[in-house]
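The values are calculated or read from the model by the stated rules, or taken from the named source; none is laboratory data. None of these values were measured; they are calculated from a predicted model. Quick reminder, even Gly has a Cβ in these numbers, built from the backbone with ideal geometry, and neighbours come from all protein chains shown.
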Amino acid sequence: MTPFFIFRQNVFNMKIPLFLLLIMMLSSCKAQESAIKLLKYEAVTRGSFIEVSTDLSALNYKDSKTTKSIQLSETQKKELRSLLEKVHHTKLKELKAPSNKSYFDAALQATFTIKTTKELYKTNTFDHGNPPKELKGLLDFLFKIIDKK
């Protein structure tokens, strides 16, 4: 065997592990980049507030009078993740409010926030009970869980 052949064979053998290492690093970075840590809904007006937050395992609810913490079942977690996939968190700021009753105190002013491992995404203000259509299914699901308990 010639020295060139041995060198070429060793380089080829090294390329495969390096390629696999590169793929693993890129896929782990992508997973970390989009990992959702917290969802938070807040609605406020003079003398009244509602706060709903979840880390995708438990749901916490607070209002002017009560506080609740609800452990999510596996079915609820799966449904929540499914609904969350339909929400493009990077475009939350662009969502349009369907009404503006909160401008003159006819509704609570609400915002929705998604916190990932890297960023914080927040909507503009919208009326409590009348969210942008992109968030309606997700928020209805969260409030349905709260109303059951």
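Quick notes
- Meets criteria (of a type outside the set (S, T, N, Q) and under 16 Å from the mean Cα position of the chain (by Cα)) for residue 74: no
- Cross-chain or 6+ apart pairs with Cβ under 7 Å, segment 132-145 first and without any contact (Cβ under 8 Å) to a residue 12 or more places away in the chain, then in a helix (DSSP H, G or I): none
- Search result, residues across segment 64-89 that are of a type in the set (Lys, Arg) and more than 12 Å from residue 135 (Cα to Cα): 65, 68, 77, 78, 81
- Residue count for segment 61-89, restricted to those that are without any contact (Cβ under 8 Å) to a residue 12 or more places away in the chain and either over 27 Å from residue 106 (Cβ atoms) or in contact with a Cys (Cβ under 7 Å, 6 or more places away or on another chain) (or both): 7
- Selected residue [at pLDDT 95 or above, hydroxyl-bearing (Ser, Thr, Tyr) and assigned by TED's automatic domain parsing to the domain that holds residue 50] from 117, 111, 125: 111
- Hits in segment 91-118 - residues which are farther than 17 Å from residue 35 by Cα, touching a residue at least 40 places away in the same chain (Cβ under 8 Å) and of a type in the set (D, E, K, R): 105
- Within the set 101, 96, the sole residue that is at pLDDT below 90, at negative phi and out of contact with any Lys or Arg (no Cβ under 7 Å at 6 or more places or on another chain) turns out to be 101.
- Test for residue 77: is it under 13 Å from residue 145 (Cα atoms), surrounded by 10 or more Cβ atoms within 10 Å (Cβ to Cβ), in contact with a strand residue (DSSP E or B) (Cβ under 8 Å, 6 or more places away or on another chain) and of a type in the set (Lys, Arg): no
- Checked against the criterion of being touching a helix residue (DSSP H, G or I) at 6+ places or on another chain (Cβ under 6 Å), surrounded by 13 or more Cβ atoms within 10 Å (Cβ to Cβ) and among the acidic types (Asp, Glu), segment 124-135 contains one or more residues that satisfy it.
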